[in-house]
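**Q** What follows is a single structure, and I will ask about it in a moment.
Quick note: the coordinates plus some simple rules give every number you see, no bench work behind them. All figures in this text were calculated on a predicted structure; none of them were measured in a lab. Here Cβ is always computed from backbone atoms with ideal geometry, including for glycine, and neighbour counts include all displayed protein chains.
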Amino acid sequence: MGSVIVFDMDGVLAEVTESYRESIVQTVKYFTGKTVTRDAIQDYKNQGGWNNDWALSQKIAADFGVQIDYDTVIAKFNGFFLGENGDGLVQRERWFPQPGLLERLSERYGLALFTGRLRYEADITLRRFAPCVAFDPMICADDVAAAKPAPEGLLAIQQSKPKQQLWYVGDTVDDARCARAAAVPFIGIAAHTHTKRDQLIALFQEEKAVAILENINEIEGAL
């Protein structure tokens with residue numbers, strides 16, 4: 001029986017502190033005039049249920065006392081994140097896997113992707129950093145009716161890879177809960193630089209993570 005490593009994208013493959021997280025900060029500041037801290041954003045993430053950064057931006061603004069229409073939030077957020085023709089904060093992203101890591105893994109495992117990004121957003125980063133790496137399948141936010149922590153995406157990958165063992169690698173409690181709901185072993189990523197790292201590790205342990213890594217480049221030892 002073969003094995004398939006299913007990767008989340010943000011915080012696992014792509015460093016998004018200055019892209020998605022900064023887009024939350026800028027969107028909230030635009031509508032409320034207030035600056036939400038990175039620690040506060042992580043507190044929301046650790047609550048679970050805030051995998052969607054558009055919804056989270058709307059929620060934080062509401063908690064600051066400003067109600068904003070969801071579509072208006074999306075338009076402004078995307079303006080910061082994508083900019084004009086992809087020249088926005090998305091260009092600040094960095095790629096976590098060291099050269100050769102994904103290629104070595106692909107020799108022993110199938111590689112798949114289940115991300116909360118929309119497909120066109122995922123494609124921007126994959127074309128930039130990993131144009132020759134094949135993720136099969138690649139399940140994005142626009143491919144599922146229910147977002148994480150619902151297990152729909154992992155279950156779809158299971159159906160496409162019958163009789164193969166899946167592993168899900170993620171960096172949020174929603175990723176961990178998604179894996180548990182799909183009965184897929186979970187590997188958590190908790191960087192030393194992560195705000196609220198100890199709390200995140202405790203959440204991963206509660207969700208029975210089989211391993212907790214500093215970054216994706218430690219995965220070969222864990223597997």
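**Q** Taking the dipole about the Cα centre of the chain, with the C-beta of Lys and Arg at +1 and of Asp and Glu at -1, give me whichever of S106, F129, T27 is farthest to the positive side.
**A** Towards the positive end, the residue furthest out is S106.
**Q** While we're on this one: Give me V90, V173, V133, V210 ranked fewest to most by other Cβ atoms within 10 Å of their Cβ, as a rough exposure proxy.
**A** V210, V133, V90, V173
**Q** Within 11 Å, Cβ to Cβ, of I187, how many net charges do the neighbouring residues add up to if Lys/Arg are +1 and Asp/Glu are -1?
**A** Neighbour charge sum, excluding I187 itself: -4.
**Q** Among the lysines, which fall within straight-line cross-link reach of K34, defined as a Cα-Cα distance under 30 Å, with same-chain neighbours fewer than 8 residues apart omitted?
**A** By straight Cα distance, K34 reaches K45, K59, K76, K148, K196.
**Q** Hey, another quick one. Using Cα-Cα distances under 8 Å and only pairs 6 or more residues apart, what relative contact order does the range 17-91 have, in percent?
**A** 38 percent
**Q** Might you report the magnitude of the Cβ-based charge dipole of the chain about its Cα centre, with Lys and Arg at +1 and Asp and Glu at -1, to the nearest 20 debye?
**A** Charge dipole of the chain: 180 debye, to the nearest 20.
**Q** Quick check: the angle from helix 197-206's long axis to the longest principal axis of the chain, C-alpha only, nearest 10 degrees?
**A** Relative to the chain, helix 197-206 is tipped by roughly 50 degrees.
**Q** Which of the three applies to the range 107-223, rounded, prolate or oblate, going by the alpha-carbon gyration tensor with a ≥ b ≥ c and a/c under 1.5 meaning rounded?
**A** It comes out rounded by the Cα gyration axes.
**Q** Could you tell me how many degrees, from 0 to 90 and to the nearest 10, lie between the Cα long axis of helix 38-47 and the main elongation axis, the longest principal axis, of the Cα atoms of the chain?
**A** Roughly 60 degrees, rounded to the nearest 10.
**Q** Could you give the size of the charge dipole of the range 1-61 about its Cα centre, using +1 on the Cβ of each K and R and -1 on the Cβ of each D and E, expressed in debye and rounded to the nearest 20?
**A** 280 debye
**Q** When a/c is below 1.5 the answer is rounded, else prolate if a/b is larger than b/c, else oblate, so apply that to the range 9-94 with a ≥ b ≥ c taken from the square roots of the Cα gyration tensor eigenvalues.
**A** The shape class here is oblate.
**Q** Could you give the nm distance between label points at A62 and A146, where each point is 7 Å from its Cα heading toward the beta carbon?
**A** Here the answer is 2.1 nm between the modelled labels.
**Q** Calculate the FRET efficiency for E107 and D39 from the Cβ-Cβ distance with a Förster distance of 25 Å, rounded to the nearest 0.05.
**A** With a Förster radius of 25 Å, E is 0.05.
**Q** What is the angle, in °, between the Cα long axis of helix 119-129 and the longest principal axis of the Cα atoms in the chain? Nearest 10 is fine, range 0 to 90.
**A** 70 degrees
**Q** For A55 and F129 in the same chain, what is the full-extension length gain: residue separation times 0.36 nm, less their Cα-Cα distance, in nm?
**A** 23.9 nm
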